[in-house]
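Worksheet for the structure shown next.
The values are calculated or read from the model by the stated rules, or taken from the named source; none is laboratory data. Given the structure is predicted, the values throughout are model-derived calculations rather than measurements. Here the Cβ positions follow ideal geometry from the backbone for every residue, glycine too, while neighbour counts run over all protein chains shown.
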Amino acid sequence: MRRTVFLVLVLSFGCWLSAATNPIGMALANGSFRVDHSRVWGTTTLFDGSIIETESTLSQLHLTGGVQVRLASESRATIYQHRVILERGQLESAPDYEVQANSLHIVASGPNAEARVQVRSPRNVTVAAVRGAVRVTNSGGVLVANVEAGKTLNLEPQDGGNAAPTHVTGCLLSKGGKLIVAEQTANIVLEVRGTGLDREVGNRVEIQGLAETAVPTVTGATQVVQVVDLHRVATGGCAEIAKKVGAVLIAASAAKGAAVPAAAAGSAAGIGAGTVAVIGGVAAAATVGSLGLAGSLPGQGSSSSVSR
């Protein structure tokens with residue numbers, strides 16, 4: 001029996017060791033960088049959990065399966081087969097490859113999508129969609145931002161986490177007999193509940209509330225929010241937004257069968273600069289300068305031989 005147990009332990013350890021030492025790709029740079037705290041030059045092999053620290057040049061990571069990630073100069077990340085954890089600095093990620101930055105999970109969705117992610121401080125993360133759309137979820141898996149191509153958001157997790165109050169500005173609309181707010185900073189749709197909301201349908205409003213654990217019943221909504229406070233920001237101006245999300249500008253309870261199609265009303269007005277949304281315990285604000293439209297990553301100019 002002891003011999004059998006010993007053999008099982010030896011085989012199990014051997015399998016674990018083989019998996020732990022199985023290469024997942026390579027890192028390349030024009031100059032030196034560190035992998036697992038050891039300085040290397042030019043090219044080195046990567047393993048699951050390798051820690052990469054760049055210096056004055058960027059490093060390009062080629063993983064098995066065709067995944068490519070570019071890590072900017074003065075950056076630090078831990079690389080895995082299916083995700084990378086960015087601890088400081090900036091990177092450019094491959095489509096459908098997860099980037100974890102602080103408590104946020106970032107994925108560029110689609111075959112040609114590309115995201116840039118920058119850890120600006122222990123609390124602040126900047127996410128840009130260079131091409132395609134970029135989805136950002138919180139630690140609980142709740143979608144907190146949909147970044148469209150060419151746009152950049154600053155994101156900051158709040159102290160309250162998922163329990164932090166929701167605070168958004170957007171168009172209050174009716175969809176499928178339920179009320180929604182189409183938030184335009186983080187590009188999120190929320191199903192909203194509360195008293196006295198019907199009379200503001202079709203207007204741009206600012207709401208505060210608490211996220212519920214209930215699953216949204218409206219297609220496209222990411223959360224259910226119980227509204228505790230509402231202020232009108234502007235009258236009307238929600239037609240284009242309503243059309244985009246498949247909603248209408250009159251509450252079902254206000255006029256049975258008389259819901260006005262979104263295309264029949266006036267044009268939408270954009271939300272003003274400086275608007276901050278708090279969704280799923282994460283604050284989001286549009287940036288003035290677009291990280292997503294920058295020509296190159298820091299350190300790219302001295303590392304042209306490894307650029308795509």
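Among residues of region 95-109 being at pLDDT below 95 and closer than 16 Å to Ala284 by Cβ, the one that is surrounded by the most Cβ atoms within 10 Å (Cβ to Cβ) is Asn102.
Screening region 63-164 for strands (runs of 3 or more DSSP E) wholly inside it with 3 or more residues that are within 13 Å of the chain's Cα centre (by Cα) returns the ranges 98-101, 104-119, 125-137, 143-147, 152-157. For region 133-152, name all the residues that are surrounded by fewer than 19 Cβ atoms within 10 Å (Cβ to Cβ) and either in contact with a helix residue (DSSP H, G or I) (Cβ under 6 Å, 6 or more places away or on another chain) or within 19 Å of Ser296 (Cβ to Cβ) (or both). Answer for region 133-152, where residues must be surrounded by fewer than 19 Cβ atoms within 10 Å (Cβ to Cβ) and either in contact with a helix residue (DSSP H, G or I) (Cβ under 6 Å, 6 or more places away or on another chain) or within 19 Å of Ser296 (Cβ to Cβ) (or both): Gly140, Ala149, Gly150. Scanning region 181-208 for residues that are surrounded by 22 or more Cβ atoms within 10 Å (Cβ to Cβ), more than 19 Å from Val136 (Cα to Cα) and not β-branched (Val, Ile, Thr) gives Gly202, Arg204.
One residue stands out among those in region 60-78 that are β-branched (Val, Ile, Thr) and farther than 19 Å from Pro122 by Cα: the one that is surrounded by the most Cβ atoms within 10 Å (Cβ to Cβ), which is Val69. I'm trying to understand the selection: among the residues of region 35-60, which are more than 19 Å from Pro298 (Cα to Cα) and among the charged types (D, E, K, R)? Scanning region 35-60 gives Asp36, Arg39, Asp48. Please verify whether Arg83 is touching a helix residue (DSSP H, G or I) at 6+ places or on another chain (Cβ under 9 Å), of a type in the set (Lys, Arg), farther than 30 Å from Val228 by Cβ and surrounded by fewer than 24 Cβ atoms within 10 Å (Cβ to Cβ), treating the condition exactly as stated. Here the answer is no, as Arg83 does not meet what is asked.
Mind listing whichever residues of region 140-186 are among the polar types (S, T, N, Q) and touching a Leu at 6+ places or on another chain (Cβ under 6 Å)?
Within region 140-186, Thr152 is the sole residue that qualifies.
Could you tell me whether Ala128 is touching a residue at least 40 places away in the same chain (Cβ under 8 Å), closer than 27 Å to Val233 by Cα and among the aliphatic types (A, V, I, L, M)?
Numbers: touching a residue at least 40 places away in the same chain (Cβ under 8 Å): yes; closer than 27 Å to Val233 by Cα: no; among the aliphatic types (A, V, I, L, M): yes.
Spelling it out, it is not the case that Ala128 is touching a residue at least 40 places away in the same chain (Cβ under 8 Å), closer than 27 Å to Val233 by Cα and among the aliphatic types (A, V, I, L, M).
Look through region 43-59, keep the residues that are in a strand (DSSP E or B) and of a type outside the set (Ser, Thr, Tyr), and return whichever of them is surrounded by the fewest Cβ atoms within 10 Å (Cβ to Cβ).
Let us first name the residues in region 43-59 that are in a strand (DSSP E or B), namely 43-47, 50-53, 59.
Filter again for of a type outside the set (Ser, Thr, Tyr), leaving 46-47, 51-53.
Values: Leu46: 21, Phe47: 17, Ile51: 15, Ile52: 24, Glu53: 19.
Step by step, filter region 43-59, then rank; the result is Ile51.
Residue check: Val189 meets all listed conditions (1) in contact with a helix residue (DSSP H, G or I) (Cβ under 7 Å, 6 or more places away or on another chain); (2) more than 23 Å from Ala247 (Cβ to Cβ) but one, namely (2).
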